[in-house]
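Novice: Sharing a structure, written as C-alpha cells. Questions coming.
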Amino acid sequence: DTAVSQTPKYLVTQMGNDKSIKCEQNLGHDTMYWYKQDSKKFLKIMFSYNNKELIINETVPNRFSPKSPDKAHLNLHINSLELGDSAVYFCASSLGDLLVNTEAFFGQGTRLTVV
Amino acid sequence: DAKTTQPTSMDCAEGRAANLPCNHSTISGNEYVYWYRQIHSQGPQYIIHGLKNNETNEMASLIITEDRKSSTLILPHATLRDTAVYYCIVRVGGGTSYGKLTFGQGTILTVHP
C-alpha cells in the first residue's frame, strides 16, 4: 500500500489554465504538506495543514489554494497557471506538527509542466 | 533553523562505507539534526535524526560531535541503490518552524561498482 499518493504523476498544461493535484495519505497522520522542487532542485515548503487547518503558508501566490476535505487528503488547486509554476510538487504527511522525533513521509511527486 | 553546509558531491565504492559530513556550527541547544535522502525522481525519504547522542537504525548511523557543530551520516555498506541526494537538516520543533523542513542543496552521493 502506498503511504502518500499523489495524482497525477505528470501534468502538462497551457498557460492560463486551472489545474488540481490530489494527495491522499493512509497513515492516519494529522498533518499534511505541499512542497515545491524547482528546476534547480531546491525543495521548499508551500503549505502545511494540521487537522484540516492551515498552519503554514510560505508566501505562496494566491493562485495556489490548498484544500483539505479531511485529514487524509490535501489537494492543491492552481489558478491561471504560469510558466514559472513548472516544477515537481511533493505532498507529505506526518504525525503531529513535525516536532522532534517525528518524520515526514513524502509522495512520489507530480511533475507539472506549463507550456 | 540553523544553516547547514554539505559537500556538493561525493563518490563511494559499492560495499564500502559512505561517510557524509555536515557542518552546522550555529546549531542551538534545542535543535535536532535530521537526514533525508532523495533518490532520482522520487520523494524525499527520512533516514535518521539525533540531538547529541550517536544514533543507529537499520539504514544508517549518525555521529554528532561533542560540540554538536558537525555530524556525519554513515551508510555502512553502500549499494548502488544508495545513490541519491542526501540532505542534512537542522531544526527545532514547534514555534515559527512549525512543521517545516528546510532543505539545502544536499550532497549528491554516487555509489559506483
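Novice: Of the residues that sit in the range A:10-38 and are part of a loop (DSSP other than H, G, I, E, B) and either closer than 23 Å to A:Asn51 by Cβ or within 12 Å of the chain's Cα centre (by Cα) (or both), which one is modelled with the lowest pLDDT?
Specialist: In this case the residue turns out to be A:Asp30.
Novice: Quick check: is even one residue across the range A:104-112 surrounded by 16 or more Cβ atoms within 10 Å (Cβ to Cβ), modelled with pLDDT under 95 and assigned to a loop (DSSP other than H, G, I, E, B)?
Specialist: The answer is yes; a qualifying residue exists.
Novice: Could you count how many residues in the range A:16-48 are within 9 Å of another protein chain (Cβ to nearest Cβ) and in contact (Cβ under 8 Å) with a residue 12 or more places away in the chain?
Specialist: So the answer is 8.
Novice: Restricting to the range B:20-41, and then to whatever is surrounded by 15 or more Cβ atoms within 10 Å (Cβ to Cβ) and more than 14 Å from every other protein chain (Cβ to nearest Cβ), can you tell me which residue is nearest to B:Ala78 (Cα to Cα)?
Specialist: So, considering only residues that are surrounded by 15 or more Cβ atoms within 10 Å (Cβ to Cβ) and more than 14 Å from every other protein chain (Cβ to nearest Cβ), the one nearest to B:Ala78 (Cα to Cα) is B:Leu20.
Novice: OK, next. For B:Arg37, indicate whether it is within 11 Å of the chain's Cα centre (by Cα) and of a type in the set (Lys, Arg).
Specialist: Against the criterion (within 11 Å of the chain's Cα centre (by Cα) and of a type in the set (Lys, Arg)), B:Arg37 qualifies.
Novice: Here is a further query. For the range B:46-64, what are the residues that are touching a residue at least 24 places away in the same chain (Cβ under 8 Å) and either within 12 Å of chain A (Cβ to nearest Cβ) or acidic (Asp, Glu) (or both)?
Specialist: B:Ile47, B:Ile48
Novice: For residues that are within 14 Å of chain B (Cβ to nearest Cβ) and modelled with pLDDT of 95 or more, scanning just the range A:75-103, find the one that is farthest from A:Lys22 (Cα to Cα).
Specialist: Once the filter is applied, the top-ranked residue is A:Ala87.
Novice: Only one of A:Leu54, A:Leu43, A:Leu74 is within 14 Å of the chain's Cα centre (by Cα) and closer than 14 Å to B:Gly43 by Cα; which?
Specialist: A:Leu43
Novice: Taking the range A:39-70 as the search range and keeping residues that are modelled with pLDDT of 90 or more and not in a strand (DSSP E or B), which one is surrounded by the fewest Cβ atoms within 10 Å (Cβ to Cβ)?
Specialist: Among them, the one singled out is A:Asn62.
Novice: Here's something else I'd like to know. So which strands (runs of 3 or more DSSP E) are wholly in chain B and hold at least 3 residues that are under 27 Å from A:Met32 (Cα atoms) and modelled with pLDDT under 95?
Specialist: B:32-38, B:45-50, B:84-91
Novice: Right, another one. Could you check the range A:49-92 and list, in sequence order, the residues that are aliphatic (A, V, I, L, M), farther than 18 Å from A:Leu11 by Cβ and in contact (Cβ under 8 Å) with a residue 24 or more places away in the chain?
Specialist: Across the range A:49-92, the qualifying residues are A:Ile55, A:Ala72, A:Ala92.
Novice: With respect to the numbered conditions (1) in contact with a Ser or Thr (Cβ under 9 Å, 6 or more places away or on another chain); (2) more than 20 Å from B:Ile48 (Cα to Cα), which one is the sole condition not fulfilled by A:Glu103?
Specialist: Of (1) in contact with a Ser or Thr (Cβ under 9 Å, 6 or more places away or on another chain); (2) more than 20 Å from B:Ile48 (Cα to Cα), only one is false for A:Glu103: (2).
The values are calculated or read from the model by the stated rules, or taken from the named source; none is laboratory data. Please read these numbers as outputs of a predicted model, since none were measured by experiment. Counting neighbours? That spans all protein chains shown, and the Cβs are built from the backbone with ideal geometry, glycine included.
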